[in-house]
1. Which members of segment 119-143 meet the condition of being among the hydrophobic types (A, V, I, L, M, F, W, C) and open to solvent by 70 Å² or more (accessible area, probe 1.4 Å)?
2. Of everything in segment 15-36, what is surrounded by 10 or more Cβ atoms within 10 Å (Cβ to Cβ) and modelled with pLDDT under 85? Give them in sequence order.
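The values are calculated or read from the model by the stated rules, or taken from the named source; none is laboratory data. What you see is a predicted model, and the numbers here were worked out from it, not measured in a lab. No Cβ is skipped: glycine too gets one built from the backbone with ideal geometry, and neighbour counts run over all protein chains shown. Ligands, DNA and RNA are stripped out before the accessible areas are found, and what is left, the full protein with its side chains, is counted by its heavy atoms. Shrake-Rupley method; radii C 1.70, N 1.55, O 1.52, S 1.80 Å.
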Amino acid sequence: MIKAASLLAAAEGGNPLIPHTYELVVGAFAFFVVVLVVGKILTPRIQKTLAERTEAIEGGIQKAQDAQAEAQALLQQYKDQLAEARHEASRLREEAREQGAQIKAELREEAQAEARRLVEAAHAQIEADRQQAFAQLRNEIGRLSVELATRIVGESLEDEARRRRTVDRFLEELESSNAAVR
């Protein structure tokens, strides 16, 4: 086979590596047509498409950066609102504690006032009971002393005025002797 190719090439008469002139002309014409079509028609379209894609990518990046900046601003705003809400809640808790302490103090005061009132009422009741017992005791002592005096003296002390004077005098002597002992 190689022999056949070399015989065919010798018959044509020239170097097989060098093309014929008409091939060179047709190749050069085709090359210029391709360069012209690619350079004048396809290259601007490709560049336009690349520019549009670049703008779209850069616009997308810018939009993403804007969206990220907006998200950061919203995040900061939410953090500020959260901090403010926490501060407000803390303030409300503190106010509630203060109000609770104040209510507690008021209730304590009211309870102490009620206790004082009850103690004063009890003292007043005791004093009234003491006065009543003292009056009953005075009458009983008066009656017993009149009976005793009647037995000792031997005369009747039934006269009411005389009996009262005697009882009063006796009680005054008893009180004055009681005061002198103290």
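1. Residues of segment 119-143 that are among the hydrophobic types (A, V, I, L, M, F, W, C), as a first pass: 119, 121-122, 124, 126, 128, 133-135, 137, 141.
Answer for segment 119-143, where residues must be among the hydrophobic types (A, V, I, L, M, F, W, C) and open to solvent by 70 Å² or more (accessible area, probe 1.4 Å): V119, I126, F134, L137.
2. P16, P19
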